[in-house]
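Novice: Encoded as structure tokens, here's the structure I'll be asking about.
The values are calculated or read from the model by the stated rules, or taken from the named source; none is laboratory data. The shown structure was predicted, so the numbers you read here are calculated from the model rather than taken from an experiment. Every residue, glycine as well, gets a Cβ built from its backbone with ideal geometry; the counts of neighbours run over all protein chains shown. Note: areas computed on protein heavy atoms with side chains; ligands, DNA, RNA excluded. Shrake-Rupley method; radii C 1.70, N 1.55, O 1.52, S 1.80 Å.
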Amino acid sequence: MSESLPALPLGFRAAGLACGIKPSGRDDLFLLVSETPCAAAGVFTTNLVCGAPVKVSRERVPGATIRAVLINAGNANACTGERGIADARTMTAEAAALLGCRPEEVLVCSTGVIGHFLPMEKLAAGIRRIVPELKSTPEAFLGAVRAIMTTDTFPKLSGRELALGGQTVRVTGACKGAAMIAPNMATMLGVIATDAELTPQQADRLLRHAVDRSFNCISVEGHTSTSDTVFLLANGAAGAGPLNESDLERLGGAIDAVAEELATQIIRDAEGAEHFVTIDVRGLPTRDDAARVAKTIAEGPLVKTAITGNDPNWG
């Protein structure tokens, strides 16, 4: 099975397990860890109502010493006030204590039901169990990704390899998402990891470029969530050294490709969707102009009903 799965970049380990948050009993805890500090960046929901993990993680990226991403599914820890903030910080502190790093070096996400407090005893026990399960295999990463699925019907992964600085560099990503999908991200969480060496500023630039051309270009029903987050982590473990502008551009292309493939998987798994439609806008002076036209068409109820009803009468 590993032959069909993207390999984790060097220096990264992952695990997933069930800690009792989901009523179904399915896996609901994800952990991705780098053996060495990472340059990291994040892009978050534009919704003014955002979850506690978004507020906590926003404070920590861009950063130069991030070690891990911890995600729970089944509970979004959103609309939970100061207790929600404290719980999100506690999650990172519990993981950091076991990983031998500072709480501020752990990023956190939550997805699931809104308005409920996290079951912290179950989470704490789950975190204690998941750290010893960390592995660097593709199957371990697949297991971790399965743990963040909510209404998803399949795990969403993508990977690329390229030669930079005389070394093989990997870019591997995963996401979850199937509903509340709108331009400016969606009800989605994503993590992209690479063993290339980046500064926090470079990571931020490359991630924003990729997100703007992928997750910010998909729409199902036009709603934006409280929890949307995409992270990029780069630990330099491939040994390619600092990248020149040409190599940065090539790495950016690989990150763009991974993000686009993940975004495409979200649309193919969209709740209630029976069609996959691409809008191609040409002839406008700027990309922003084209994006505004595409967004208007993509979110137009008449367009959607015509496509759903297989009726070319656009009105």
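Novice: Is there any pair linking a residue in the range 211-225 that is on the phi < 0 side of the Ramachandran plot and modelled with pLDDT under 70 to one that is outside any loop (DSSP other than H, G, I, E, B) and of a type in the set (A, V, I, L, M, F, W, C), with Cβ under 6 Å and at least six apart or on different chains, and which?
Specialist: Hits for this filter: Val220/Ile181.
Matching residues to (1) charged (D, E, K, R); (2) assigned to a loop (DSSP other than H, G, I, E, B); (3) in contact (Cβ under 8 Å) with a residue 12 or more places away in the chain; (4) at positive phi:
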{"residue": "Ala237", "(1), (2), (3), (4)": "no, yes, yes, no"}
{"residue": "Ala263", "(1), (2), (3), (4)": "no, no, yes, no"}
{"residue": "Glu274", "(1), (2), (3), (4)": "yes, yes, yes, no"}
{"residue": "Thr278", "(1), (2), (3), (4)": "no, yes, no, no"}
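Novice: Please go through the range 21-52 and give me each residue that is among the hydroxyl-bearing types (Ser, Thr, Tyr) and either open to solvent by 10 Å² or more (accessible area, probe 1.4 Å) or at positive phi (or both), ordered by number.
Specialist: Ser24, Thr36, Thr46 - these are the residues of the range 21-52 that are among the hydroxyl-bearing types (Ser, Thr, Tyr) and either open to solvent by 10 Å² or more (accessible area, probe 1.4 Å) or at positive phi (or both).
Novice: I need a count of the residues in the range 1-20 that are surrounded by fewer than 24 Cβ atoms within 10 Å (Cβ to Cβ) and in contact with a Ser or Thr (Cβ under 6 Å, 6 or more places away or on another chain).
Specialist: Counting residues in the range 1-20 that are surrounded by fewer than 24 Cβ atoms within 10 Å (Cβ to Cβ) and in contact with a Ser or Thr (Cβ under 6 Å, 6 or more places away or on another chain) gives 4.
Each row is one residue, and each column tells you yes or no for (1) free of Cβ contacts under 8 Å to residues at least 40 places away in the same chain; (2) among the polar types (S, T, N, Q); (3) under 17 Å from Leu207 (Cα atoms).
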position	(1), (2), (3)
Phe30	no, no, no
Val33	no, no, no
Thr36	no, yes, no
Phe44	no, no, yes
Cys50	no, no, no
Pro53	no, no, no
Ala64	no, no, yes
Leu70	no, no, no
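Novice: I'd like the full set of residues that are among the aliphatic types (A, V, I, L, M), assigned to a loop (DSSP other than H, G, I, E, B) and modelled with pLDDT under 95, limited to the range 94-126.
Specialist: Within the range 94-126, Ile114 is the sole residue that qualifies.
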